[in-house]
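**Q** Just passing along the structure, written as structure tokens.
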Amino acid sequence: MATDTTVPLPGKLVAVQLRLLPWAALIGIACSAVLLGVGKVEELIHHLLWQHLPGWLGIHDGAHNRWWIVAVLTFVGLAVGLTVRYAPGHAGPDPATESLVAPPMPVAVLPGLLLATVLALGGGVSLGPENPITAANIALAWWFAHTVLKRQDTATWVALGAAGTVGALFGTPVAAALILSEVLVSRPGQRMWDQLLAPLLAGAAGSLATTVIGAPSLSLTLPPYRGFELVDLVSGTVIVLSATALGVAGAYAFPYLHTWFHSMRAPVLMLGVGGLCLAVLGAIGGEITLFKGLDQMNELVTGLPGFGNAQLLMYALVKLAALITAATCGFRGGRIFPAAFVGVAAGCLSHGLVPGVPLALAIGAGVMGMVTAATRQGWLSLFMGVAITGDLKLLPVLCVLIIPAWLLCVGRPPLQIEHPQA
């Protein structure tokens, strides 16, 4: 009987994995370094635009001054538009068409992509760093493998770059393994863990490197979940379906807004108008609805006693509108962190309407529903719900609640243009 040469022998498979592991660790550390470096530049731009410049101009607290919000976001839109227009490779492909894990782009595109990213994130645009940083690290990992190591197996190095970045972003390699398990396709003779071993190490290295530096945690400071009661399934289902429906509504608006912005054709005009739209939304919602949403989630929870229900609803709607506006007009950035902010706001609103619902349950269900609608990645959505609440006692409840959220999303689009040429 002829041997199937596509199935690697166990000894060969072990040898391949052992040779790959040192590179996986190196790539994970490098991914963390890129993330932290970009974050530091973003922070400098943030301080310049929102603290130093307003102080020099005699404007008290620029982040809470509506006219300053309008001026900065409009300027940022024009600056990113110029970057997209003139940078090599136009700062990468249309971000509305890209998922978190995408094929590698040429490294010549990365300076423009990263410049557009730090301008947007530091300037207050409602997007996160995850998509462009992951794209940059995948491109660098593939370039290193292709030019230095002379390797051609693209999928392996894409997985390592993605895993290292996700581990660094979310503070745990588990997030990387969960996300990659949804995008990896099993190869003949290899189980899923055969493919996840090296990416898991890359994710662990990225996570540990970021943790050593002291990056902020995803977890909010919440009252601990009291433990499961049967009524939690009822209240949790209502919350998760409400948050999911909100995200689905945004997803239906996504392609229409994308078509409208891209009918302008010129990137400077498209992003300038997009920046002005974000400026108006920022003036309505205030500082808490700007930026990627990680610090703002903490502000929302710590300031919860002072927020009315109408105010929380307004924060959720403004942030969702800002997210889909920023993502469709061409700003470079990810959609996970702003979607999580919308979920936190929805959870806080649910708790405000029915105080008997545990806050941790309400926020976990809200985040999970919104991220499910935004990404169509079940493992990631479940992980975000648990990570943001920081309470493992919620995990069994959220495992049940993700079922109605997923069923509501079946057959409906995510916050992404899946067929841009159609």
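**Q** Does VAL280 satisfy being in a helix (DSSP H, G or I), in contact with a Gly (Cβ under 6 Å, 6 or more places away or on another chain) and among the aliphatic types (A, V, I, L, M)?
**A** For VAL280, the condition - in a helix (DSSP H, G or I), in contact with a Gly (Cβ under 6 Å, 6 or more places away or on another chain) and among the aliphatic types (A, V, I, L, M) - is not met.
**Q** Something else: State which residue pairs qualify: first residue farther than 15 Å from LEU361 by Cβ and inside segment 374-393, second residue surrounded by fewer than 22 Cβ atoms within 10 Å (Cβ to Cβ) and charged (D, E, K, R) in any location, beta carbons under 7 Å apart, and separation of 6 or more residues or different chains.
**A** Qualifying pairs under 7 Å: GLN377/GLU182; TRP379/GLU182.
**Q** Now, a different point. Report whether or not VAL234 is within 25 Å of MET368 (Cα to Cα) and surrounded by fewer than 18 Cβ atoms within 10 Å (Cβ to Cβ).
**A** In short, yes.
**Q** Going through ALA253, ALA283 one at a time, which residue ends up being in contact (Cβ under 8 Å) with a residue 60 or more places away in the chain, farther than 23 Å from PRO129 by Cβ, assigned by TED's automatic domain parsing to the domain that holds ILE388 and within 23 Å of the chain's Cα centre (by Cα)?
**A** ALA253
**Q** Could you check segment 288-336 and list, in sequence order, the residues that are in a loop (DSSP other than H, G, I, E, B) and crowded, with 24+ Cβ neighbours inside 10 Å?
**A** Once the filter is applied, which keeps residues that are in a loop (DSSP other than H, G, I, E, B) and crowded, with 24+ Cβ neighbours inside 10 Å, segment 288-336 yields LEU290, PHE291, LYS292, GLY293, GLY330, PHE331, ARG332, GLY333, ARG335.
**Q** Go through ALA365, ALA374, ALA387, ALA360 for me and flag whichever is among the aliphatic types (A, V, I, L, M) and in contact with a Lys or Arg (Cβ under 8 Å, 6 or more places away or on another chain).
**A** ALA374
**Q** May I ask you to list the residues in segment 333-355 that are touching a strand residue (DSSP E or B) at 6+ places or on another chain (Cβ under 9 Å) and small (Gly, Ala, Ser)?
**A** GLY333, GLY334, ALA339, ALA340
**Q** Sticking with this structure for a sec: Name the pairs: first residue in segment 356-372 and assigned by TED's automatic domain parsing to the domain that holds ALA345 and surrounded by fewer than 24 Cβ atoms within 10 Å (Cβ to Cβ), second residue basic (Lys, Arg) and in a helix (DSSP H, G or I), Cβ to Cβ under 8 Å, at least 6 apart or on different chains?
**A** The qualifying pairs do not exist here.
**Q** Quick check on segment 169-189. Is at least one of its residues modelled with pLDDT of 80 or more and touching a helix residue (DSSP H, G or I) at 6+ places or on another chain (Cβ under 6 Å)?
**A** yes
**Q** For residues that are of a type in the set (Ser, Thr, Tyr) and touching a Leu at 6+ places or on another chain (Cβ under 7 Å), scanning just segment 112-155, find the one that is farthest from ILE29 (Cα to Cα).
**A** For segment 112-155, the residue satisfying everything is SER126.
**Q** Checking ALA136 against (1) buried (at least 23 other Cβ atoms within 10 Å of the Cβ); (2) in contact with a strand residue (DSSP E or B) (Cβ under 6 Å, 6 or more places away or on another chain), only one condition comes out false. Which one?
**A** (2)
**Q** For segment 355-366, state whether one or more residues are closer than 26 Å to VAL80 by Cα and outside any helix (DSSP H, G or I).
**A** Looking for residues that are closer than 26 Å to VAL80 by Cα and outside any helix (DSSP H, G or I), one finds none in segment 355-366, hence no.
**Q** Give segment 201-240 a look and list any residue that's of a type outside the set (Val, Ile, Thr), within 24 Å of PRO404 (Cα to Cα) and in a helix (DSSP H, G or I), or say none.
**A** ASP232, LEU233, SER235, GLY236
**Q** Could you identify the single residue in ILE45, ILE69, ILE27, ILE59 that is in contact with a helix residue (DSSP H, G or I) (Cβ under 8 Å, 6 or more places away or on another chain), in the same structural domain as ALA176 (by TED's automatic domain parsing), β-branched (Val, Ile, Thr) and not in a helix (DSSP H, G or I)?
**A** Only one candidate qualifies: ILE59.
**Q** A further question follows. Restricting the search to segment 60-119, which residues are of a type in the set (D, E, K, R) and either crowded, with 16+ Cβ neighbours inside 10 Å or under 24 Å from ALA251 (Cα atoms) (or both)?
**A** Selection gives ARG85, ASP94, GLU98.
**Q** Report, ordered by the first and then the second residue, all pairs with beta carbons closer than 6 Å, sequence separation of six or more or different chains, a first member in segment 297-310 that is within 15 Å of LEU218 (Cα to Cα), and a second member that is of a type in the set (Val, Ile, Thr).
**A** MET297/VAL344; GLU299/ILE288; LEU300/VAL344
The values are calculated or read from the model by the stated rules, or taken from the named source; none is laboratory data. All figures in this text were calculated on a predicted structure; none of them were measured in a lab. Don't worry about glycine lacking a Cβ; one is built from the backbone with ideal geometry, like all the others, and counts go over all protein chains shown.
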